[in-house]
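What follows is one structure encoded as structure tokens, with my remarks underneath.
The values are calculated or read from the model by the stated rules, or taken from the named source; none is laboratory data. If you're wondering where the values come from, they're calculated on a predicted model, not measured in any experiment. Here the Cβ is made from the backbone with ideal geometry for all residues, glycine too, and neighbour counts use every protein chain on show.
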Amino acid sequence: MTGLVVLKNNSKAKELYIFSEDEQHLINHAYSKFEQYLKSKDFVLVHNDLHFDNIFYDNGDIKIIDFERSMFAPKDFELAIFFRMVKKPWKFASEETEKYTDSSDYTNIKLYVERYYPELINTPFLSQRLAIYDMVYFLKHLISHPEDKELKTDVIEASKIVALKDELNFEDLKNPSQLMDYMNINIEYGWIDKFGEKHLNNFKGCRENYRISSIEEIIRNGLGTCIEQSKLIKFFFDNIGLENKLYCYRRYETQDNFDKKVRMHCFVLYHFQGIWYLFEHSNSNKRGIHEFDSIESAIKSEVDRHDESDIRELVEIPSIPEGLTFKQFNQYVNTFEPISTYDSHKKL
């Protein structure tokens with residue numbers, strides 16, 4: 001049934017010329033793998049309308065209401081709905097509660113599901129299956145709103161997971177575009193603390209418990225802050241022989257002013273055929289490969305986005321050692337001479 005729905009909506013998308021030829025090829029490739037990933041016959045009763053207005057917290061108990069859309073479906077189908085809500089909570093809030101929605105409130109929900117409901121997580125090809133459900137959901141809405149760029153992006157991102165997750169191995173990547181696809185599919189913003197616990201989309205507790213992961217750990221866990229992600233990106237460019245530069249742009253910290261507020265961003269530039277590019281992944285708002293006419297303009301695009309009171313220093317560093325605490329990493333960065341001190345209105 002899922003395949004038929006996508007096939008029908010895919011035909012409508014072709015009629016509306018929503019996707020480019022390459023995008024359509026990607027979607028078709030993803031569709032060809034549906035049967036492989038949807039072999040499970042483990043159907044259960046699911047709620048099928050799990051959004052915030054249908055979830056109540058009462059005296060320590062979580063209660064769910066409104067079962068009028070309940071149906072039998074694969075057990076991970078509800079998980080797809082739930083994770084979609086977690087990723088974009090404001091989309092599922094009522095008009096009255098939308099203004100109070102803060103995405104940071106939901107960052108650890110996926111970890112709670114992994115910890116307390118392993119029966120939902122231990123499904124073969126889970127990532128691909130969840131992406132298939134997303135393809136169906138977003139493509140359906142895109143057909144009704146073909147001008148919506150966000151919906152189109154959602155379809156493409158889901159299609160890449162289905163089509164490419166089992167085809168992109170880090171060791172086999174050949175170019176920056178493949179690396180970006182690999183990281184979009186496999187690397188989330190997060191870190192593993194010294195106790196082995198995962199943290200997603202936040203730096204809470206990093207002062208005490210953070211350790212810089214190794215390349216192997218980043219790939220195995222699929223997690224990295226801007227520090228780990230920059231470490232992985234530089235490692236890749238070094239391996240394929242592309243000239244690159246690694247920077248840390250942060251508040252200069254000493255023993256006296258080592259406060260609790262993290263003010264740091266690591267990023268990588270690379271040089272190809274006379275052009276400098278910024279490879280940005282950890283900052284989801286700027287995610288992509290961006291072309292610049294000089295190193296200076298590339299750096300300026302990164303340092304100019306902070307507010308005037310947030311004065312930082314920019315340092316080029318040769319590498320990011322694994323195993324360092326956050327304090328040790330700051331001490332390591334402090335051993336290099338800053339290129340300059342910046343605020344939002346100073347020039348490079």
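Looking at segment 244-265 only, could you name the residues that are under 21 Å from Lys286 (Cβ atoms) and either touching a Leu at 6+ places or on another chain (Cβ under 7 Å) or at pLDDT below 90 (or both)? Break it down stepwise before answering.
So the first thing to find is which residues in segment 244-265 are under 21 Å from Lys286 (Cβ atoms), and the list is 244-251, 262-265.
Those that are under 21 Å from Lys286 (Cβ atoms) and either touching a Leu at 6+ places or on another chain (Cβ under 7 Å) or at pLDDT below 90 (or both): Asn244, Lys245, Tyr247, Tyr249, Arg250, Arg251, Val262, Arg263, Met264.
Counting only residues that are within 16 Å of Trp90 (Cβ to Cβ) and among the charged types (D, E, K, R), how many does segment 46-66 have?
Selection size over segment 46-66: 1.
Looking for whichever is surrounded by fewer than 15 Cβ atoms within 10 Å (Cβ to Cβ) and part of a strand (DSSP E or B) here; the options are Lys63, Lys39, Lys8. Which one fits? Before you say what the answer is, go through the steps one by one.
Working: Lys39 fails: part of a strand (DSSP E or B); Lys8 fails: part of a strand (DSSP E or B).
When all the criteria are applied, what remains is Lys63.
So, of the residues in segment 268-304 that are in contact (Cβ under 8 Å) with a residue 60 or more places away in the chain and not in a strand (DSSP E or B), which turns out to be nearest to Tyr189 (Cα to Cα)?
Restricting to residues being in contact (Cβ under 8 Å) with a residue 60 or more places away in the chain and not in a strand (DSSP E or B), the top hit is Ser282.
Across segment 17-63, which residue is nearest to Lys149 (Cα to Cα) among those that are more than 27 Å from the chain's Cα centre (by Cα) and of a type in the set (Lys, Arg)?
Top of the filtered list is Lys39.
Can you name the residue in segment 169-194 that is aliphatic (A, V, I, L, M) and at pLDDT 95 or above and is also farthest from Thr225 (Cα to Cα) among such residues? Before the answer, list the steps.
Applying the first criterion (aliphatic (A, V, I, L, M)) to segment 169-194 yields 173, 179-180, 183, 185, 187, 192.
Subsequent filtering for residues that are at pLDDT 95 or above retains 173, 179-180, 183, 185, 187.
Details: Leu173: 21, Leu179: 16, Met180: 15, Met183: 12, Ile185: 16, Ile187: 10 Å.
This residue is Leu173.
Okay, residues lined up against (1) in contact (Cβ under 8 Å) with a residue 40 or more places away in the chain; (2) surrounded by fewer than 13 Cβ atoms within 10 Å (Cβ to Cβ); (3) under 23 Å from Lys160 (Cβ atoms):
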| position | (1), (2), (3) |
| --- | --- |
| Ile18 | yes, no, yes |
| Val44 | no, yes, no |
| Leu50 | no, no, no |
| Lys87 | no, no, yes |
| Tyr112 | no, yes, no |
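Which of the residues belonging to segment 149-205 are crowded, with 18+ Cβ neighbours inside 10 Å and among the basic types (Lys, Arg)?
Residues satisfying the conditions are Lys152, Lys160, Lys165.
How about segment 64-98: which of its residues are among the basic types (Lys, Arg), farther than 27 Å from Asn285 by Cβ and within 28 Å of the chain's Cα centre (by Cα)? If you could, list the steps in order and put the result at the bottom.
At the first step, the residues of segment 64-98 found to be among the basic types (Lys, Arg) are 69, 75, 84, 87-88, 91.
This time we only want the ones that are farther than 27 Å from Asn285 by Cβ, so: 69, 75.
Answer for segment 64-98, where residues must be among the basic types (Lys, Arg), farther than 27 Å from Asn285 by Cβ and within 28 Å of the chain's Cα centre (by Cα): just Lys75.
One line per residue, one yes/no per condition, for (1) in the same structural domain as Leu50 (by TED's automatic domain parsing); (2) in a loop (DSSP other than H, G, I, E, B); (3) over 23 Å from Ile27 (Cα atoms):
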{"site": "Arg84", "(1), (2), (3)": "yes, no, no"}
{"site": "Ser94", "(1), (2), (3)": "yes, yes, yes"}
{"site": "Lys99", "(1), (2), (3)": "yes, no, yes"}
{"site": "Ser104", "(1), (2), (3)": "yes, no, yes"}
{"site": "Tyr112", "(1), (2), (3)": "yes, no, yes"}
{"site": "Arg115", "(1), (2), (3)": "yes, no, yes"}
{"site": "Pro124", "(1), (2), (3)": "yes, yes, no"}
{"site": "Leu130", "(1), (2), (3)": "yes, no, no"}
{"site": "Tyr137", "(1), (2), (3)": "yes, no, no"}
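Among the listed residues Ile219, Ile187, which satisfies the condition of being within 24 Å of Glu157 (Cβ to Cβ) and in contact with a Phe, Trp or Tyr (Cβ under 7 Å, 6 or more places away or on another chain)? Working first, answer last.
Numbers: Ile187 fails: in contact with a Phe, Trp or Tyr (Cβ under 7 Å, 6 or more places away or on another chain).
Criteria check complete, one pass: Ile219.
Check off (1) within 25 Å of Met135 (Cβ to Cβ); (2) assigned to a loop (DSSP other than H, G, I, E, B); (3) out of contact with any helix residue (DSSP H, G or I) (no Cβ under 8 Å at 6 or more places or on another chain) for Asp166 and give me the number that stays unchecked.
(3)
Kindly evaluate Asn108 against the criterion of being surrounded by 13 or more Cβ atoms within 10 Å (Cβ to Cβ), in the same structural domain as Arg129 (by TED's automatic domain parsing) and in contact with an Asp or Glu (Cβ under 8 Å, 6 or more places away or on another chain).
Values: surrounded by 13 or more Cβ atoms within 10 Å (Cβ to Cβ): yes; in the same structural domain as Arg129 (by TED's automatic domain parsing): yes; in contact with an Asp or Glu (Cβ under 8 Å, 6 or more places away or on another chain): no.
No; evaluated as a whole, the condition is false for this residue.
Does segment 315-329 hold any residues that are more than 25 Å from the chain's Cα centre (by Cα) and at pLDDT below 90, and which are they?
The answer is Lys327, and nothing else.
So which residues in segment 212-236 are surrounded by 23 or more Cβ atoms within 10 Å (Cβ to Cβ), touching a Ser or Thr at 6+ places or on another chain (Cβ under 6 Å) and more than 20 Å from Ser177 (Cβ to Cβ), if there are any at all?
Glu228
Just one of His25, His29 is modelled with pLDDT of 85 or more and surrounded by 15 or more Cβ atoms within 10 Å (Cβ to Cβ); which is it? Lay out the reasoning, then the answer.
Values: His25 fails: surrounded by 15 or more Cβ atoms within 10 Å (Cβ to Cβ).
Exactly one of His25, His29 is modelled with pLDDT of 85 or more and surrounded by 15 or more Cβ atoms within 10 Å (Cβ to Cβ), namely His29.
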